[in-house]
1. How far is helix B:32-44 tilted off the main Cα axis of chain B, in degrees rounded to 10, range 0 to 90?
2. Name the residues whose placed amide hydrogens come within less than 5 Å of the amide hydrogen of B:Phe53, ignoring near sequence neighbours (fewer than 5 apart) on the same chain.
3. For the rotation that brings chain A onto chain B, whose beta-carbon in chain A is nearest the axis, and what is that distance in whole angstrom?
4. Let me cross-check A:Arg71: its accessible surface, 1.4 Å probe, with only protein heavy atoms counted, in Å² to the nearest 10?
5. Report, in degrees rounded to the nearest 10, the 0 to 90 angle that the Cα long axis of helix A:147-159 makes with the longest principal axis of chain A.
6. How big is the antiparallel share of DSSP beta bridges in the protein assembly as shown, given as a percent to the nearest 5?
7. For each pair in A:Lys15/B:Lys76; A:Lys2/A:Lys158; A:Lys190/A:Lys220; A:Lys40/A:Lys130; B:Lys2/B:Lys40; A:Lys39/B:Lys130, compute the distance between the two Cα atoms and list the pairs where it is over 27 Å.
8. For chain A, take the longest principal axis of its alpha carbons; what is the angle in degrees between that and the long axis of helix A:216-226, to the nearest 10 within 0 to 90?
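The values are calculated or read from the model by the stated rules, or taken from the named source; none is laboratory data. No experiment lies behind these values; they were computed from the predicted model shown. FYI the Cβ positions are ideal-geometry reconstructions off the backbone, even for glycines, and counts take in every protein chain you see. Just so you know, the surface numbers come from the protein's heavy atoms only, side chains and all, with ligands and any DNA or RNA stripped out. Shrake-Rupley method; radii C 1.70, N 1.55, O 1.52, S 1.80 Å.
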2 protein chains.
Amino acid sequence: MKILKTIEEVQAIRKTITSSVGFVPTMGALHDGHISLIKKAREENEIVVVSIFVNPTQFLEGEDLDSYPRRDEADKKICELCKVDYLFMPDISTMYSKEEILIKAPNKSYMLEGLTRPGHFDGVLQVVLKLFGITQPNNAYFGKKDAQQLSLIMQMVKNLFLPINIVACDIIREKDGLAMSSRNVYLDEKQRKEALLLSQSLYTAASLISKGELNSILVKRRIEEVLKDLDIEYTAIVNREFDEIDTIELKNTIILIVVRFGNTRLLDNIWI
Amino acid sequence: MKILKTIEEVQAIRKTITSSVGFVPTMGALHDGHISLIKKAREENEIVVVSIFVNPTQFLEGEDLDSYPRRDEADKKICELCKVDYLFMPDISTMYSKEEILIKAPNKSYMLEGLTRPGHFDGVLQVVLKLFGITQPNNAYFGKKDAQQLSLIMQMVKNLFLPINIVACDIIREKDGLAMSSRNVYLDEKQRKEALLLSQSLYTAASLISKGELNSILVKRRIEEVLKDLDIEYTAIVNREFDEIDTIELKNTIILIVVRFGNTRLLDNIWI
């Protein structure tokens, strides 16, 4: 595995590659969720590129940019074990210059996650577009856990006609059901136990739907019952285009929940 | 020459091309300025792609979108004579969908041209990024006449690390000095004569500078004397990054003028 720090290095190498490139952009602190993306990329491509870059433009003022977990040495080891070909770890000054073209995600990016984090997705799309420009992947791998992010990235690729196949990868969970997240380390023991209710509420919803309940309001009510002792930020039932829907459509619905534990927001979702 | 209407056609063909692609994006009504871009692309690339698309998002309300000159048949003939390989002529509904990721040009895009046409460059960058996504050119050709546009496109390519070489091409002029523009057809006979003062004022400025005058204010004053009977919108002296400068720097200065003739705005500039 080769570690690359500059864009010139990546571009010079990219020029020599004619076979398929699979790209996994990350913010590091790699867990089994990331590993599943890397493994999928490894299976499906000749060359696998992973990036680790904690992107400042997607953090809002007061968010956890400075305290975001960083584990460069462990991450390098993981990438090496996963047979990554190139690990791109740029500095902020490599990725950003004084004056920047900005990307403006569509209005719906200001709903749900964007309501609490206005402008967050503008930063996500900006850095993803830069990383796509640098690595020119054939396939790029994103987790379904950040479902709204995934949806907006798919829309950007479609709008800009980028010749990139976006591969949506299933959520990876701890044995007890908690969705993997770099931010899980922020939880104390009590919170870690309570957090199990997130996946449980989603399984309850899925079971209700499998019995024929397609009314969004009733399904949300059931979820909120399971989560009643927690600080729910939102629950939402949307279609694949991220429009909220009143009636659940099988194979076209995502149920989203966000719960706060102190300053930590935990996201989870299930694709029906 | 093959005429392509859909993105799928372009993408399918693009996949099969491994040699260098030169791309000339235009809004049609091709004149000798465009032809010089196409010829340069023809010299420098194996494959030449020209697009003709009158992009609605770069026109402001009340501008000449509906009356913008359209000469599809003549344009096709010209492209054929210039040995273009592929002419891409998409419809608006091919290029845009209901919901769009927007591109936000930096603040300086709201100066000069952007002062009269706020948001114009957002639309320019949006369509250029789409066209780059579709055609994936190695080299893309733009005229120096739209100097601020050229500067912003170069910045976008730099910011997004696109592996595209932007080729800046000299202004092509009528024999009497008028810079070629698709909008010159809007001029009546009297205006057409008066328009000669634009290039004359720039030549006067260049001659003054060649004699050692590097004070921007004095050079602008001289230009404005030449243009005194016309409706000047602005004159500006900027460096290649489009910051206005007080002292002219040789090989790093662009002098810009815009004059109105009724509803028609004529741009001209000279690179020192």
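1. Once rounded, the angle reads 60 degrees.
2. The list, which skips near neighbours in sequence, is B:Thr26, B:Met27, B:Gly28.
3. Output: A:Lys104, 3.
4. Near enough 90 Å² of accessible area.
5. 50 degrees
6. Details: 41 of 79 bridges.
Beta bridges within the protein assembly as shown, antiparallel portion: roughly 50 percent.
7. Working: A:Lys15/B:Lys76 34 Å; A:Lys2/A:Lys158 31 Å; A:Lys190/A:Lys220 25 Å; A:Lys40/A:Lys130 23 Å; B:Lys2/B:Lys40 20 Å; A:Lys39/B:Lys130 31 Å.
A:Lys15/B:Lys76; A:Lys2/A:Lys158; A:Lys39/B:Lys130, as the Cα separations exceed 27 Å there.
8. Tilt relative to chain A: about 90 degrees.
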